[in-house]
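Q: Input: one structure, supplied below.
What follows draws every value from the coordinates through simple rules; no lab data is involved. As the structure is a computational prediction, the values presented were derived from the model and not from experiment. Note that each Cβ is placed from the backbone with ideal geometry, even for glycine, and that neighbours are counted across all protein chains shown.
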Amino acid sequence: MPDPQQGDTAAASRCGFVAIVGRPSVGKSTLLNALVGTRISITSRKPQTTRHRITGILTEPPVQYVFVDTPGFQTRHRGALNERLNRTVRDSLADVDVVVWVLDAARITPEDEAVAQVLPPELPVVVAVNKVDTLKDKRALLPRLEALGAMRDWTAIVPVSADKGTQLSDLKREIAKLLPESPPLYPADELTDRDERFLAAERVREKIFRLLGDEVPYATTVTIDKFEQEGRLRRIHATVLVDRATQRAILLGEGGSRMKAIATDARKDLERLFDGPVFLEVWVRVKRGWANDDASLTRLGY
Ligand SMILES: Nc1nc2c(ncn2[C@@H]2O[C@H](COP(=O)(O)OP(=O)(O)OP(=O)(O)O)[C@@H](O)[C@H]2O)c(=O)[nH]1
Ligand SMILES: [Mg+2]
């Protein structure tokens with residue numbers, strides 16, 4: 001007779017999808033990268049850096065986590081692109097097993113409350129109170145945790161620092177308990193569902209977000225015109241689309257110096273990510289109104 005204990009002692013394999021959601025800039029992408037251990041999703045200080053759904057896969061047998069990074073959900077700006085980003089958040093929530101709702105430990109805002117409203121009531125939600133490293137006095141957290149507790153019956157609330165890696169194993173433990181029993185869905189060495197073209201375009205966009213002021217990044221998007229591999233070398237031709245000629249001038253900088261810095265930073269990151277040499281050429285083109293209508297946004301992959 002089979003040992004009836006056996007099913008309990010041998011850890012069953014678990015695998016599932018975990019949406020990481022929250023208002024802009026709370027550290028969702030930093031958290032995904034820290035959990036997976038690789039910089040897959042782009043990050044910056046500016047809100048709405050992330051514009052696409054992107055997964056980061058972490059395999060720690062017997063568990064495989066498929067984390068889903070999402071754009072910052074926001075209700076302040078209302079353009080065609082903002083609407084798309086919010087829709088991406090809602091769509092991402094439709095087919096996951098668990099939600100991680102990310103907050104900034106420093107404050108809970110009306111925008112956070114707007115996010116809480118879109119979390120499906122039937123899904124288990126783990127609240128990650130991020131950036132605890134920025135609190136001088138950890139007691140400041142207590143009233144916030146109380147306020148959170150009064151909002152909904154969360155599965156767990158875990159204070160973390162994505163930046164410092166604090167309490168990420170606690171967060172993973174809470175998530176693992178909620179994942180369905182399933183064999184892994186991806187090979188153990190797979191890190192994301194996105195291809196190298198996408199990752200390359202994103203990395204150029206990250207440098208634009210990091211190296212430019214508060215307006216131009218929002219007027220840009222990046223497309224990959226050519227991506228060729230010759231042995232270990234990847235040859236990538238990217239185009240940055242901007243809305244106006246003045247933005248093109250800002251992006252290029254004096255004698256093209258700013259664009260050169262953006263391309264150099266992006267290339268170095270990509271060489272690390274792809275583990276091989278990269279030749280990256282970046283052009284800047286004016287395409288008026290690229291972000292204003294649905295057809296154009298769809299064409300551009302939004
Ligand atoms: N001090 C501190 N900073 C953090 C932490 N996590 C993220 N950050 C910083 O917060 C800023 C925003 O991080 P992102 O990961 O891009 O935030 P996001 O929520 O993905 O933002 P959007 O994609 O724009 O919605 C960056 O400057 C990060 O370095 C943390 O634990 N501690
Ligand atoms: Mg992000």
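Q: Can you work out the Karplus-derived ³J(HN,Hα) for every residue in segment 224-233? Use 6.51 cos²θ - 1.76 cosθ + 1.60 with θ = phi - 60°, whole Hz, and x for glycine or proline.
A: 9, 8, 8, 9, 10, 10, 10, x, 8, 7
Q: Let me ask another. Arranged from highest to lowest average of other beta-carbon atoms within 10 Å per residue, in what order do the peptides 48-57, 275-284, 26-35 appear?
A: Highest-to-lowest ranking by the protection proxy: 26-35, 48-57, 275-284.
Q: Could you give the dipole magnitude of segment 1-126 about its Cα centre, charging the beta-carbon of Lys and Arg +1 and that of Asp and Glu -1, in debye to the nearest 20?
A: 880
Q: Note down the relative contact order for the chain as a percent, whole number, built from C-alpha pairs under 8 angstrom at least six residues apart.
A: Once divided by the residue count of the chain, the mean separation gives 18 percent.
Q: Now, a different point. Rounded to the nearest 20 debye, what is the charge dipole size of the chain about its Cα centre when +1 sits on each Lys and Arg Cβ and -1 on each Asp and Glu Cβ?
A: 1360
Q: For segment 123-170, what is the charge dipole size about the Cα centre, in debye to the nearest 20, if Lys and Arg each add +1 at the Cβ and Asp and Glu each add -1 at the Cβ?
A: 140
Q: Further question: Report ³J(HN,Hα) in whole Hz for each residue of segment 260-276, in order, from the Karplus equation J = 6.51 cos²θ - 1.76 cosθ + 1.60 where θ = phi - 60°; Gly and Pro get x.
A: 5, 5, 4, 5, 5, 4, 5, 4, 4, 4, 5, 4, 5, 5, 8, 6, x
Q: Given H placed on each backbone N at 1.01 Å, which residues far from C15 in sequence or on other chains put an amide H within less than 5 Å of it?
A: Excluding prolines and chain starts, which carry no amide H, the hits are Q64, S182.
Q: Further question on the same structure: At most 12 other Cβ atoms within 10 Å and a DSSP loop assignment: could you name the GluC sites (Glu not before Pro) in segment 52-126 that fit?
A: E122
Q: Related question: For segment 128-249, compute the orientation-averaged projected area of the C-alpha convex hull (one quarter of its surface), in nm².
A: Quarter of the Cα hull surface area: 12.9 nm².
Q: V102's amide H: which non-local residues (gap 5+, or another chain) put their own amide H closer than 5 Å, with H modeled 1.01 Å from N in plane and none for Pro or chain starts?
A: So V102 has HN proximity to V21, G22, A128.
Q: In addition: Suppose R0 equals 30 Å; then what is the FRET efficiency for T109 and K226 from their Cβ-Cβ distance, rounded to the nearest 0.05?
A: Plugging the Cβ-Cβ distance into 1/(1 + (r/R0)^6) gives 0.10.
Q: Remind me, relative contact order of segment 139-260 in percent, using alpha carbon pairs under 8 angstrom and six or more residues apart?
A: 13
Q: Normalised by the residues of segment 9-64, what does the relative contact order come to in percent, with Cα pairs under 8 Å and at least six apart?
A: In percent, rounded to a whole number, it is 40.
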